[in-house]
């Protein structure tokens, strides 16, 4: 049996706090001497006090600890998930500030906050006003829609401060044309104006990064495919619009070195110079499924035969897909 002072030293909880917990009905002594009123504590007391300290560290109030049950835990999990979401948003904002130098130089422009849709690509503003523009220029497929997030927060390759977009060497001008609010984004290369992209404002919502991300449904049932099993070495990376022509042997270094598809549905990437293993993906017939908590992708694959060998062509869904909605290329792997 331990006296309250000994319990305090053993658990590193002040005597005053232990007495307060007793008053609140969170802990009780194992025995009270009827003559001296000394309180004595046992192993159960030590465990209960440790439990209280641990739960307080997890963010539970004393009232929640006293009435702890499954419902309380579920409620706390929901609260923590909301808090975590806010923290992640704040981290992303501060990171973009730090990496883009925006914190020091950012100047707000409330007029541009929201979503903008591209309606033309021109060489000069006069061309646009005269109707001489191309709205489908292929080189700008990724920027058919852009967002100005609050505080200049960066997403994908885009961040901003008043009058400037942090993608390449781009500037924007805000104009009212025929009663419509437009921005003219000037795209430069080596200091020379290449094109002017014209955008019309679709909404004035203060979007968050998670609102922009395109996530696939990855809740697909497992369907076996013997053809995908095994080790595959990377041989090429090809345009997603033309996957029929590819090299059958590697001719250059690529980020993904090889992949492994296991019989239990796991799918692993071996990447980079140090051969890092990324094994948070799975597969089902026709798709490789992957999520990291922020992005969820279902990438199509197909198995083809060429020159007596077996190849897998797999969509590469990077930020260009998650933010821009475009699958720019496919990896080609040779079965070993």
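Descriptive notes on the structure:
- Rounded to 0.05, the FRET efficiency of the residue 268 and residue 217 pair, given R0 = 30 Å and the Cβ-Cβ distance, is 0.85.
- Nearest-ten-degree value, helix 70-100 long axis tilted from longest Cα axis of the chain: 50 degrees
- Cα gyration tensor category, rounded, prolate or oblate, for region 226-335 with a/c compared to 1.5: rounded
- Once both labels are positioned 7 Å from their Cα atoms along Cα-to-Cβ, the gap between residue 127 and residue 242 label points is 2.5 nm.
- Gain on full stretching of the segment that runs from residue 1 to residue 63 - 0.36 nm per residue minus C-alpha separation: 19.5 nm
- Note on residue 210/residue 170: beta-carbon distance plugged into 1/(1 + (r/R0)^6) with R0 of 22 Å gives a FRET efficiency of 0.35.
- GNM flexibility winner over the chain from 206, 240, 44 (Cα, springs under 10 Å): 44
- Based on C-alpha pairs under 8 angstrom that are at least 6 apart in sequence, the chain has a relative contact order of 12 percent.
- Within region 224-262: backbone nitrogen closer than 18 Å to the residue 300 label point (7 Å, Cα to C-beta): 228, 238-246
- The angle between the Cα long axis of helix 43-57 and the main principal axis of the chain comes to about 30°, on a 0 to 90 degree scale.
- Our compactness index for the chain, the C-alpha radius of gyration over the empirical 2.2 N^0.38 Å, is 1.48.
- Gyration tensor verdict on region 2-66 (Cα atoms; rounded if a/c is under 1.5, prolate if a/b is larger than b/c, oblate otherwise): prolate
- Distance in nm between pseudo-label sites at residue 278 and residue 77 (7 Å out along the Cβ direction from Cα): 2.8 nm
Read-outs throughout are calculated quantities, based only on the coordinates presented, and are distinct from any laboratory measurement. The model shown is predicted, which means the values in this text are computed figures rather than measured ones. Note that each Cβ is placed from the backbone with ideal geometry, even for glycine, and that neighbours are counted across all protein chains shown.
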